[in-house]
1. Return the sequence-ordered ³J(HN,Hα) values of the range 87-103 in whole Hz as given by the Karplus equation 6.51 cos²θ - 1.76 cosθ + 1.60 applied to θ = phi - 60°, using x for Gly and Pro.
2. Show the residues, 5+ positions off or on another chain, whose built amide H is closer than 5 Å to the amide H of residue 89.
3. Would you please classify the overall shape of the range 89-164 from the alpha carbon gyration tensor, given that a ≥ b ≥ c denote the square roots of the eigenvalues, rounded means a/c under 1.5, and beyond that prolate means a/b larger than b/c while oblate covers the rest?
4. Considering amide H positions built from the backbone, and no H for Pro or chain starts, which residues 5 or more places from residue 148, or on another chain, come under 5 Å of its amide H?
5. Among 126, 86, 146, which comes first, second and so on when ranked by fewest other beta-carbon atoms within 10 Å?
6. For the chain, what percent of Cα pairs sit more than 29 Å apart?
7. Largest first and in whole Å, give the semi-axes of the range 62-127's equivalent ellipsoid, each being the square root of 5 times a Cα gyration tensor eigenvalue.
8. For the range 67-75, take each phi angle, set θ = phi - 60°, evaluate the Karplus expression 6.51 cos²θ - 1.76 cosθ + 1.60, and give the result in whole Hz per residue in order, putting x for glycine and proline.
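Just so it is clear, none of the values below were taken in a lab; they were calculated from the coordinates. Owing to the predicted nature of the structure, the values given are computational and were not obtained by experimental measurement. Glycine also receives a Cβ, built like all others from the backbone with ideal geometry; neighbour counts cover every protein chain displayed.
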Amino acid sequence: MGDFDDLIAANRDFATGFKGGDFDGVAQAGVALITCMDSRIDPLRMLGLAHGDAKIFRNPGGRVTAAALEALVLGVHLLGVERVLVIPHTRCAMTESTEAELRERVGVSAGVDASWQPFHVITDQVASLEEDVRKVSSHPLIPERVHVGGFLYDVDTGLIHRRI
Ligand SMILES: [Zn+2]
């Protein structure tokens, strides 16, 4: 039962004086970003954004998946998104292992066979980024007025570098 006590206590502090009515679901800065789940990435702060400013979609590798496109279509049409940034990062685990290696490591950790679990490893990060940006910009429900950029976040310097 105590598994989450520290987080629940922190939430009580967070909710003290909370003004939920300050926001609606619109991206206040008109920004959406797709990035990796990596805990080195601070998606709002790295772009000078604040709470409420952006739609953020994260997954391993920061890939534009079907679910990411679903989020972007909703963001663009219903939630004020005008600019989309796709931001994978340097030293990403999804670029540094093969699928077989990840299955092996997870299998060892789990103590059961993990060979059936897909891991969408990235063999050429820039080529994948270009493909992902094209998926967004060529999507039939993403209008041309939406600006789409592909960037690589450097986890050592904190800088983003535009690649497409
Ligand atoms: Zn990553």
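1. Going residue by residue, I get 9, x, 9, 5, 6, 7, 4, 6, 9, 10, 9, 8, 4, 4, 5, 5, 4 Hz, with x marking Gly and Pro.
2. Close amide H contacts, sequence-distant or interchain: 153.
3. Details: a/c = 3.42, a/b = 1.77, b/c = 1.94.
Oblate shape, in that a/c is at least 1.5 and b/c is the bigger or equal ratio.
4. Here 84 satisfy the definition.
5. Fewest-to-most ranking of 126, 86, 146: 126, 146, 86.
6. Here the tail beyond 29 Å accounts for 31 percent of pairs.
7. Over the Cα atoms of the range 62-127, the semi-axes work out to 31, 15, 8 Å.
8. Computed from phi, the couplings for the range 67-75 are 5, 5, 5, 4, 5, 5, 4, 5, x Hz.
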